[in-house]
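Here is the structure we will look at.
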Amino acid sequence: MKSTRLPARSFKFVQQRAVSLQQRAHISRYTLPVFQNEPVVSLQHTKEDADGGGVIVADDVEKQKDFARGSPEREELTRTIQQMKKKLPQKIPISVSGSVINSATKNTQLNPSRHSENVAEYATASEQDVNTAIDAALAAKPAWEALPFEDRAAVFLRAAELISGKYRMEILAATMLGQGKNIRQAEVDASTETVDFLRQYVKEAERLFAEQPPINEKGAWNRNEYRPLEGFVYAISPFNFTALGATLIGPPAIMGNVVIWKPSESALHASWVLYQILLEAGLPKDVIQFLPGNAQLVTDAVLKRREFSALGFIGSTGVFKELQGKIGKATGEGRFNSYPRVVGETGGKNFHLVTETADVKSAALNTLRAAFEYQGQKCSACSRVYVAESVWREFKKHIQEGTAKLKVGPPEDYDNFVNSVIHERSFDKLDQVIESAKSDSELELVAGGKTDKSAGFYVHPTVYQTTNPHHDIMTRELFGPLFGVYVYKDHQLDETLKLIDSTSSYALTGAVFAHDPVVSRKAQDALKHAAGNFYVNTKCTGSVVGRQPFGGSRDSGTNDKTGTMGLLYRYSSIRTIKEEFGPLEEVEYPSNQV
């Protein structure tokens, strides 16, 4: 990777480059008599980049590989999976300051698609391990935050390059086997989105550092310094996206913080691969502490520390509310050195609205993807659908035909569109829903309804029509390949919009399918608080870093939008500095004179 240090050049040249605020401030302090805070130029490749200097970040997202039949990348991935399976289970220790801590307690991560196979065997942290890790992170903090921004950024840009190339197949294979993802779902997650996040946060940090007070009076200089938080950040990542580990640990670390990372026990193998890549990229060993273990134990130990300064969380709504309650109580009791920042993305009961003016086939196919890709285990997945009565018959036909074509099985068999749900607890919950539906007079089975956990935790794509818009299937997040449909009268669109807005406590994603611009606008206005990410004539999943910043409100989280400068603000404590260059001549003001 090209060096990110600035060459020794004139200030005029430096003004044209994407450089850190600290560097610009240092140079401009001695060269400009009247100070102007100028924005950083666009971070993109230019001809001048051949000479080096500046942080170089491409404007576009990482290109996805299609893994078509017979392609070199498919053959390479197949070999990687075969080689990885021979070496499993991956041994994952607790390592602090480069030393392995021998944990008395071990646990295993199963392959959810073949639950007889162990993907990883990992040590689980004790309370003492947590405190040792926190102490090591805090000891590493002064050197890390003192490091120039461009040097911190280079670590994450280098990691992005390693994931994009050298380790792409390894992190894909680990995600496929450990989290039950087919090639497509693993590729858009573990490689492309992870790479995009790491690059995007560097780009957004440059923009953040360039945000300076717009006015400087003559003879004085006002500036903002974006300091890391005091203490440490606690990051809890979920199982369903390897990339979400990157978006939880990357932003605080890029801003100079140290991080205690508690990855999901159902995604440990891929998370471990990501962590090892960061270390190879030059991350100092104690800046991010990788702590597998019981979430309750680790969290309780973390919240006993006065140095706790922020929580980054992606997971269930119930757990997040519980954490907020604990943090609020401890804050009220004065147990922390500062008011902790809380950033959270949680669940969703996401909707599709199919109006009478929709392209019905497209709406149905989009719904199938939104509901059944990765077995509906995306917080953005569609799980409730509202269809105009006049188009219901056609929509139903496409849903039934499309669902029947979807193959179910392990991700190593590449023609399988649907794989297993993540673990037995999830399977049992969904199996109970399907079993209860058999005797529910308010539900009619439209498609699917099969389950099987003999070899893996398989729930077939399932669709119900309900006569009750407030039925549990339309209100409760199920996190699986299952959704409900409510058919509304065409003339009751306004009532249906109110229904969509009020039925669920969540507000994460949603979509309207309508080719009438008046109807589309009406839906967007009526549902403006019902979804943090709203889509028109396309599915409610598939946000891309830098294109559709992701996040929702209400019970869906704090809506701090991943991949944005706004998220970086949450991990920064701004210090405003005013410096004057002339002496004060007297105490009194002109208004004091008579």
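Please treat every number below as a calculation from the coordinates, not as lab data. This is a predicted model, so every value here is computed, not measured. Cβ coordinates were reconstructed from backbone atoms using ideal geometry, including for glycine residues, and neighbour counts include every protein chain displayed.
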Could you order the peptides 361-371, 176-186, 314-324 from most to least packed, using the average number of other C-beta atoms within 10 Å per residue? 176-186, 361-371, 314-324
In whole Hz, what ³J(HN,Hα) sequence does region 163-168 give by Karplus (6.51, -1.76, 1.60; θ = phi - 60°), x for Gly and Pro? 5, 5, x, 3, 10, 4
Percent of Cα-Cα pairs per 20 Å bin, from 0 to the last occupied bin, for the chain, please list those. 19, 49, 27, 4, 0
Among 86-95, 570-579, 273-282, how do they line up by average Cβ neighbours within 10 Å per residue, starting with the highest? 273-282, 86-95, 570-579
Quick one: what are the phi-derived ³J(HN,Hα) couplings along region 314-321, Karplus 6.51/-1.76/1.60 with θ = phi - 60°, whole Hz, x for glycine and proline? 9, x, 7, 4, x, 5, 5, 5
Estimated FRET transfer efficiency (E495, R184; beta-carbon r; R0 56 Å; 0.05): 0.90
About its Cα centre, the chain carries a charge dipole, from +1 on Lys and Arg Cβ atoms and -1 on Asp and Glu Cβ atoms, whose size in debye to the nearest 20 is 700 debye
Neighbour counts of other C-beta atoms within 10 Å: give me M474, M565 arranged from fewest to most. M565, M474
Work out from phi, with θ = phi - 60° and the Karplus expression 6.51 cos²θ - 1.76 cosθ + 1.60, the ³J(HN,Hα) of each residue of region 326-337, listed in order in whole Hz, and give x for Gly and Pro. 5, 5, x, 5, 5, 5, x, 8, x, 8, 10, 6
Quick query: amide H of I92 versus all other amide H atoms, modeled in the peptide plane; which residues come in under 5 Å with a sequence gap of 5 or more or a different chain? E121, Y122, A123
I'd like the distance separating the alpha-carbon centroids of region 491-569 and region 163-183, in whole Å. 30 Å
Quotient of C-alpha Rg and 2.2 N^0.38 Å, computed over region 350-553: 0.97
Using just the helices of the chain, give the 222 nm mean residue ellipticity in deg cm²/dmol: DSSP H runs with n ≥ 4 each add -39,500 (n - 2.57), and the total is spread over all residues, rounded to 500. -11500 deg cm²/dmol
At K528 and S338, where each label point lies 7 Å from the Cα along Cα→Cβ, what is the point-to-point distance in nanometres? 3.4 nm
For A447, enumerate residues with amide H under 5 Å from its amide H, sequence gap 5+ or separate chain, H modeled in the peptide plane. V463
Relative packing of peptides 246-255, 538-547 - highest average C-beta neighbours within 10 Å first: 246-255, 538-547
